[in-house]
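The values are calculated or read from the model by the stated rules, or taken from the named source; none is laboratory data. Nothing here was measured: the structure is a model prediction, and the numbers come from that model. Quick reminder, even Gly has a Cβ in these numbers, built from the backbone with ideal geometry, and neighbours come from all protein chains shown. The protein model used for the area step is the full one, side chains on, heavy atoms only, and it has no ligands, DNA or RNA in it. Shrake-Rupley method; radii C 1.70, N 1.55, O 1.52, S 1.80 Å.
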Amino acid sequence: MRRLFIALLLVVLGAGAIALLAWRDPGQATLHWGDWQVQTSLIALLGIAVMVMLLIGLILRLLSLLLRAPTLLRQRQARRRQERALRDLTQGVISLIEGAWRDAEQLFKRHGEDAQGGLVWLIGTALAAHRQGASARRDDTLRLAEQRYPEATAALRLLQAEMLLHEGRDEGALSLLQALHAEAPRQPHVLRLLTELHRRRGEWDAVLQRLPELTRLRALPEERLLELEEEAVEGRLAQLIPQGREAIDAFWHDIRRSLRGRERLFAAYALALAAAGHPQAACELLLKALRERPSTRLASVLPQLQPTQPKSALEATEALLQRHGEDSPLAAPLHLFAARQAWTLDLWGKARSHAEAALARAPSTEAHALLARALEREGHREQALEHALKGLDQGTV
């Protein structure tokens, strides 16, 4: 457009200059060619020359267009293909999200042979096949993508490993992820998937080994790292129960001090000791921790224990109740634990009062059951039956 404007401007200026010259002196021109002779004015000759030049320019322009026509046609067709591909890609992604996986696969397959963007179409086809549970079609598509785009081999195998994990085919995913980890030890997503695989398989030692690298690479949010670390320590403690207290203590003292200070893990440590045959040691640990700082989580673990020295446990628990007061959130689990120890010692009246105090603060099946047994021993059978039924109702809620 700019060139046309400049050309028109030059023509107008040229015409103006010619008109000015013609107004002053039209001039005369004579042309000879053999026996032919033409006489005309200079202005007319210039006009004919301009017309001839315009005609030649037009002919040259038409010839240029004719010569460029195949290229222009190919470019136009390429633009149309690109526009169609973009529409199909958009619709394919929408179909994939909406769950129309068969439609998505057909759309992606339509462009699988495209030289430009072919990897995207093949990945889309594999994803759609995976969503349909067509593992064979998915794996064939990924192998084809690997052959055509060897530079994307690592990414494609990582995608395949993630799909295998989604299907629950842990062994296949593990072999792929281990090979990828050997090639790129600091690849964050490989580490994430490996850690998740170890977690699912209960390989807590492996999870704990991966966590420092995940932390350095910031491969997971801090909250998820903390949660995963606690889950791994808790899981490992449970695995060590058959090996006895020595193995549990060795592992516990081998982890960081900051981990040992977390209430969830301290509770898991106490429960592991109890399950390994040392409920008294677990009880003493919890009571000592509760003397140092109030913790509802730790207090809630106490009723799950049955120490071998119920008298000392009862005395220590009643001392804690006096220290923290009846309005403390620790009162309900402490009263419940005290009721259990009193029952073990045949102190039925004390068991009843502690069970009633526990029920007044947090009704539970166990508190109702303890109170029912204490009332029955005291001869209050109707009240005992009432609390036994309430305990059953509480358990079905």
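Odds and ends about this structure:
- Top positive-direction residue, dipole computed over the range 217-260 with Cβ charges, set Gly235, Ala219, Phe251: Phe251
- Magnitude of the charge dipole for the range 76-209, about its Cα centre and with charges confined to Cβ atoms of Lys, Arg (+1) and Asp, Glu (-1), is about 620 debye.
- Positive-end residue, the chain charge dipole about Cα centroid, Cβ charges, pick of Trp204, Ala362, Leu314: Trp204
- Just the protein heavy atoms count here, and of the accessible area of the chain at 1.4 Å, carbon and sulfur take up 57 percent.
- The peptide list 334-343, 267-276, put in order of mean Cβ contacts within 10 Å with the highest first, becomes 334-343, 267-276.
- Residues in the range 116-157 that a label on Ala184 would reach, taking backbone N under 13 Å of a point 7 Å out along Cα→Cβ: 151-157
- For the range 76-199, the Kirkwood hydrodynamic radius from C-alpha pairs, put into Stokes-Einstein at 20 °C and a viscosity of 1.002 mPa s, yields a diffusion coefficient of 140 µm² per second.
- Under the shape rule built on the C-alpha gyration tensor, where the axes satisfy a ≥ b ≥ c, the range 244-307 is oblate, since a/c reaches at least 1.5 while a/b does not exceed b/c.
- Label point 7 Å beyond Cα of Leu217 along Cβ direction - residues of the range 186-208 with amide nitrogen under 19 Å: 186-201, 203-208
- Rounded to the nearest 20 debye, dipole of the range 156-212 from Cβ charges on Lys, Arg, Asp, Glu: 140 debye
- Kirkwood-type radius of the range 140-264, with distances r between different C-alpha atoms, in Å: 16.1 Å
- Solvent exposure of the range 42-186 amounts to 65 Å² per residue of accessible area, where only protein heavy atoms count and the probe is 1.4 Å.
- Using the Cβ-Cβ distance between Arg323 and Glu171 with R0 = 56 Å, the FRET efficiency computed as 1/(1 + (r/R0)^6) comes to roughly 0.55.
- Over the residues of the chain, the helix contribution to mean residue ellipticity at 222 nm works out to -26000 deg cm²/dmol, using -39500 (n - 2.57) for each DSSP H run of at least 4.
- Considering every alpha-carbon pair of the range 221-369, the percent of pairs per 10 Å bin, from zero through the bin containing the longest distance, is 11, 39, 31, 16, 2, 0.
- Solvent-free Debye calculation, one equal scatterer per alpha-carbon of the range 191-256: log10 I(q)/I(0) at 0.13, 0.15, 0.27 Å⁻¹ equals -0.35, -0.46, -1.18.
- Built amide H within the under 5 Å cut-off of Gly244, gap 5+: none
- The chain, dipole about Cα centre (Lys/Arg Cβ +1, Asp/Glu Cβ -1), debye to the nearest 20: 1640 debye
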